[in-house]
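The structure appears below as structure tokens.
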Amino acid sequence: MISISNLEFHYPSGDFRLSIPDLTIGEGETVAFIGPSGSGKTTLLNLIAGIVTPASGTVITAGSSIDSMSDRERRAFRVRHVGLVFQEFELLEYLSVLDNILLPYRISPALELTGAVRRRAVALAEEVGLASLLDRYPERLSQGERQRVAVCRAVLPQPGLILADEPTGNLDPANKTKVLDILFAFAANQGSTLVAVTHDHDILDRFDRTIDFKAYQSTADVAA
Ligand code: ADP
Ligand code: MG
């Protein structure tokens, strides 16, 4: 599902360098990314999703070589194949909870917003305890509620790959379990791949594999 080789990445400014000689994540695999803040976990999710591109090396996601696509092709690819749960949620403030969950269907001509999709959106929201908040706007949601909206939005289009950046970071234990249950049930039922960044060592057992970003820090960082 994901195949990275000889990847070198740096931002236009700053000293941060990410080097990944070789990383493969299989179809249907569930993988946790752990590691210190600033070690590049979010950056790697963005590379896998094609939101940023490497200086050199290859990133193949869902059979497509992300680094050889145009910006437009990358955007179309993401809509079709990738569900993203951003660390900062990225909800639209002028849309209700339900419309935020339906957002991929509103912005992509490739996705058709049918009655069945709406019903699935409502059912997902109910599963994570958002049933009474469907008409509410994000400014009146708690961080945890926002996070759950972001998770519903990511799984609704049934992508082959879910990339979730600290999806349980703002949740109490009960809601943490609900969100993880949704993500893992979704991955199992759809055969989808799940990659999640987490600082929560209690949940690592649920994943097939854990990748520790300490291994990717450059020798300069380690020596410092
Ligand atoms: P993590 O998710 O593991 O906390 P990030 O991938 O967000 O780490 O960031 C890795 C490093 O890259 C950090 O040092 C961060 O400050 C830096 N960084 C992130 N985004 C940018 C950017 N747009 N421009 C320059 N440096 C950045
Ligand atoms: Mg991060």
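Laid out as a table, the results:
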read-out	value
Volume per residue of the C-alpha convex hull in segment 94-193, rounded to whole Å³	98
Taking the C-alpha atoms of segment 73-125, convex hull volume expressed per residue in Å³	96
Calculated FRET efficiency for the pair Ala174/Glu112, C-beta based, R₀ 41 Å, to 0.05	0.75
Helix-only CD estimate at 222 nm, as mean residue ellipticity for the chain, using -39500 (n - 2.57) per DSSP H run (n ≥ 4)	-10500 deg cm²/dmol
Beta bridges per DSSP with both ends in the chain, % antiparallel, nearest 5	45
Unit charges on C-beta of K, R, D, E only; dipole of the chain, Debye	580
Modelled FRET efficiency - R0 22 Å, Ala215 with Ser13, Cβ distances, 0.05 increments	0.30
Using alpha-carbon coordinates, inclination of helix 115-127 to the longest axis of the chain, degrees	80
Distance between modelled label sites at Ser96 and Gln190, nm, 7 Å Cα→Cβ extension	2.4
Span per principal axis, largest first, for the Cα atoms of segment 138-224 (Å)	44, 33, 22
Kirkwood-type radius of segment 1-71, with distances r between different C-alpha atoms, in Å	12.6
Neighbour cut-off at most 14 other Cβ (10 Å), DSSP loop, trypsin sites (Lys or Arg not before Pro), segment 1-90	none
Estimated inter-spin distance, Ser56 and Arg140, nm [label 7 Å along Cα→Cβ]	5.5
D_trans [Stokes-Einstein, Kirkwood Rh over alpha-carbon pairs] for segment 2-215, 20 °C, 1.002 mPa s, µm² s⁻¹	122
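Any read-out appearing in this document is the output of simple, stated calculations on the displayed coordinates, not a laboratory observation. What you are looking at is a predicted structure, and each value in this text was computed from that prediction instead of being measured. No Cβ is skipped: glycine too gets one built from the backbone with ideal geometry, and neighbour counts run over all protein chains shown.
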